[in-house]
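Undergrad: Take a look at this one; I'll ask things after.
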Amino acid sequence: MTNAPDDGPATTRPGHPPVVDLATWQAARDELLVREKAHTRQGDALAAARRRLPMVEIDGTVEVVGPEGPVPFLDLFQGRDELIVYQHMWYDGAPHQGQCEGCTTAVWHLKDAVYLNARGVSCAVLTTGTWEEVAAYTAFMGYTQPWYSVRGLDAPIGGEMGHFVCFLRDGGRVFLTYSTTGRGIESANGTFGLLDMTPYGRGEAWEDNPEGRPVLGHVREGYPGEAGQVCWYWRTDADGTAGWGPASRPTPQWTRPGATPEKTLGRTGDHS
């Protein structure tokens, strides 16, 4: 067994987990593992219940607009039997940094659907923006997944955005099978799952953390309660500080060409 380097007396900064010996750590870890396994099994049971939901037939000939112009919704299946779509919120006329931060986060984690495709499932992103604006935004973000405008269409294809929706195809017939919103969309975000394994977690104010753990969220003035908590992954400035200033934008946009505090990306207008 390799000894840890001798850096002097063991100390713990405020907010760090307590320091114990390996046997004590293993006992606590084993105890938590029982709860984790129960959580996994409950998740399996919920997934089994989803697979037993009824379904609703919808009109698969309804046209959505993509890079090749209007196409029937049925084409989004790309010949496969199942389809998952993410419905991305849209703010007309906003610059690129003015689009929905939460949707940016979700869609950023959907850049490659190769494993879904291998299982016979297609994936697409729908939004109510005009195709002209959507095309410019997706080009800036570097998205490669199929995007379509569903402007003017009713739910479940159009309507309110910010959801995952699942569809099943039977020949030329299309059926709605499942939808989720709110934190239900976290299933696509592997970053959250990984952060939940770490001692500091997601760094959000709503988390149940031991006293002294760092919180990365900030309060947005004018928004009460939980809605006022600004997530670190929503908007940051060039230094990575979360906030809603005029030079802030959704976190992934700092990786895109031209994302500087000095330049407005896309159209001019309100950044919020």
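Undergrad: Quick one: which strands (runs of 3 or more DSSP E) sit completely within region 22-135 and have at least 1 residues that are more than 18 Å from Phe175 (Cβ to Cβ) and touching a helix residue (DSSP H, G or I) at 6+ places or on another chain (Cβ under 9 Å)?
TA: On the way: elements: 56-58, 63-66, 69-72, 82-88, 121-127.
Result: 63-66, 69-72, 82-88, 121-127.
Undergrad: Restricting to region 240-260, count the residues that are within 24 Å of Trp206 (Cα to Cα), at pLDDT 85 or above and outside any strand (DSSP E or B). Please lay out each step first, then the result.
TA: So the first thing to find is which residues in region 240-260 are within 24 Å of Trp206 (Cα to Cα), and the list is 240-245, 248-252.
Now narrow it down to the ones that are at pLDDT 85 or above: 249-252.
Cutting the leftovers down to outside any strand (DSSP E or B) gives us 250-252.
Within region 240-260, residues that are within 24 Å of Trp206 (Cα to Cα), at pLDDT 85 or above and outside any strand (DSSP E or B) number 3.
Undergrad: What number of residues within region 142-190 are more than 25 Å from Arg52 (Cα to Cα) and not in a loop (DSSP other than H, G, I, E, B)?
TA: 4
Undergrad: Residue by residue through region 85-99, note down the ones that are in contact (Cβ under 8 Å) with a residue 60 or more places away in the chain and either surrounded by fewer than 20 Cβ atoms within 10 Å (Cβ to Cβ) or within 19 Å of Gln253 (Cβ to Cβ) (or both).
TA: Here is the first cut: in region 85-99, the ones in contact (Cβ under 8 Å) with a residue 60 or more places away in the chain are 85-90, 93-99.
Correct list: Tyr86, His88, Met89, Trp90, Gly93, Ala94, Pro95, His96, Gln97, Gly98, Gln99.
Undergrad: Could you list, ordered by first residue, the pairs with Cβ atoms under 6 Å in which the first is in region 179-197 and of a type in the set (D, E, K, R) and the second is crowded, with 16+ Cβ neighbours inside 10 Å, at least 6 apart or interchain?
TA: Partner pairs satisfying both residue conditions: Glu186/Phe192.
Undergrad: If I go through region 56-84 residue by residue, how many of them are loosely packed, with under 13 Cβ neighbours inside 10 Å and aliphatic (A, V, I, L, M)?
TA: The number of residues fulfilling the criteria is 1.
Undergrad: Hey, can you tell me all the residues within region 179-214 that are touching a strand residue (DSSP E or B) at 6+ places or on another chain (Cβ under 9 Å), surrounded by 16 or more Cβ atoms within 10 Å (Cβ to Cβ) and at pLDDT 85 or above?
TA: Listed by number, the residues that qualify are Ile185, Ala188.
The values are calculated or read from the model by the stated rules, or taken from the named source; none is laboratory data. Predicted model only: the values in this text are computed from it and were never measured. Cβ atoms come from the backbone with ideal geometry, glycine included; neighbour counts cover every protein chain shown.
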